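What follows is a single structure, written as structure tokens, with notes after it.
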Amino acid sequence: MKIKMLDLTREYRNSRKEYIDAIERVFDNGSFILGSHVESFENAMSSYIGSSACIGVGNGTDALRLALIASGIKPGDEVITTPFTFIATAETIVQSGAVPVFADIDGHTLNIDPQAIEQKITEKTSAILPVHLYGNPADMDPIMKTAEEHGLIVIEDCAQSIGASYKGRNTGSIGNCGTFSFFPTKNLGCPGDGGAVTTSDTHIENMLRILRQHGAVKKYTHHYEGFNSRLDAIHAEILNVKIKNINEKNKRRQEIAQKYKELIEGPVRYQQTADKSSHVYHQFTVITPLRDELQAYLKSEGIGTAIHYPIPLHKQKIFSSYANEDYPNAQRAASEVLSLPIYPELRDDEVNYIAEKINDFFSRH
Ligand SMILES: *Cc1c(COP(=O)(O)O)cnc(C)c1O
């Protein structure tokens, strides 16, 4: 059997007609940049997340960059984040003029450790940027408490966590803003680049609407240095279709994760979930010191896997000034995590096959 890490064509084949109809609606309307399709998706998204507003932008990276700037993060500020994430999380802190400060992850949840955050706070700290890694909510209560005590902004990187909840609240509705990516591979993906910011702060909302349109407070009236970063109408209209069954899709991911855990007998660890929170499994990850050997074996059996992420950010060349800092939990995770195929269209017989091959591997190691 051959099983790809991800096969987006399966989902498209099931929903082709609905997507083609959505594209036709945009052409019939002739409104391609912002306008009614984008507004209607922004409304659907904010009510789904439970925030008062959603602002569609060009991609998840711009969502972070614009959210940082709109929240008032300025040159010289320090923003505390995790070293175990996709580069965009820290790259955009630099682009806002601020300095990323890393706090190690918890070795069990793989999310930023609230106690490590405390230790990194200085007079210059202006924000905390937790990532809900793989769709697993970060432990938000202590993070929000620390933020309140020190007067800090909290921006949630929800690129991987749409629909995940923490103590009854959706990720993206807990901090001052939540940033989302609709990159095709994400749990809610569009056919290209897309992103959004959710917020219930009207000042941040207004700034985001201004920043995504060249800093214009009204047409040709520029009060700020802005950007050209908007969610495309075609993408918004397709997302309008897809957001209707995101819960169903996330449920199938949870079902697959459960199956993996039941079937895999090998001595692997799994990411732990914070109290009263639900994980939406953007990735399903096994943790084992035999990671590289397991990945090579699965490849030889036709099974695609991926490593998110092989190099923690403080070991990236672009962050060479951080190279001597020590984040042992992030370093260990980077050498032990392996993401298995998990997408709603993955079939049960394929999950069985993957688990069987993992068990074969461990029976010989
Ligand atoms: C995908 C992702 C982003 C960036 O989103 P893009 O839409 O690709 O720009 C940011 N942060 C995390 C954690 C991501 O997984």
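Derivation of every value follows stated rules applied to the coordinates shown; laboratory data play no part. Computed from a predicted structure; not experimentally measured. Every residue, glycine as well, gets a Cβ built from its backbone with ideal geometry; the counts of neighbours run over all protein chains shown.
In this structure the amide hydrogen of Val99, modeled in the peptide plane, comes within under 5 Å of the amide hydrogens of Gly76, Asp77, Glu78, Val79, none closer than 5 places in sequence on its chain.
Where in the range 152-179 is the amide nitrogen less than 17 Å from a point lying 7 Å along the Cα-to-Cβ axis of His108? Answer for the range 152-179: 167.
Remark: spin-label model distance Lys261-Glu225 equals 4.8 nm, labels positioned 7 Å along the Cα→Cβ axis. Using the Cβ-Cβ distance between Asp21 and Lys251 with R0 = 25 Å, the FRET efficiency computed as 1/(1 + (r/R0)^6) comes to roughly 0.50. Among beta bridges identified by DSSP and lying wholly in the chain, the antiparallel ones come to about 65 percent. Label-to-label distance, Gln115 versus Asp292, with points set 7 angstrom from Cα along the beta-carbon direction: 3.2 nm. Once the mean of 1/r is taken over each pair of separate Cα atoms and inverted, the chain shows a Kirkwood hydrodynamic radius of 21.1 Å.
Protection proxy ranking, highest mean first, for peptides 89-102, 26-39: 89-102, 26-39, where packing is the per-residue count of other beta-carbon atoms within 10 Å, averaged.
Dividing the summed helix terms, -39500 (n - 2.57) for each DSSP H run of n ≥ 4, by the number of residues in the chain produces a 222 nm estimate of -12500 deg cm²/dmol to the nearest 500. Using the beta-carbon distance between Lys317 and Asp141 and R0 = 35 Å, what value does 1/(1 + (r/R0)^6) give for FRET efficiency, to the nearest 0.05? Given R0 = 35 Å and the Cβ-Cβ separation, E is 0.45.
Where Rh denotes the Kirkwood radius from the mean inverse Cα pair distance, what is Rg over Rh for the range 264-365?
Across the range 264-365, the Cα-based Rg/Rh ratio is 1.02.
Calculated on C-alpha atoms, the gyration radius of the range 67-166 divided by its Kirkwood radius gives an Rg/Rh of 0.93. Length gained on full extension, Tyr12 to Arg269, computed as 0.36 nm times the residue gap minus the Cα-Cα distance: 89.2 nm. Approximating the spin labels as points 7 Å out from Cα along Cα→Cβ, the Lys276-to-Met1 distance works out to 3.9 nm. What's the center-to-center distance, using Cα atoms, between the range 289-365 and the range 49-95 in Å? Distance between centres, Cα-based: 27 Å. Each peptide in 317-324, 336-343, 47-54 was scored by the mean count of other Cβ atoms within 10 Å over its residues; highest first, the order is 336-343, 47-54, 317-324.
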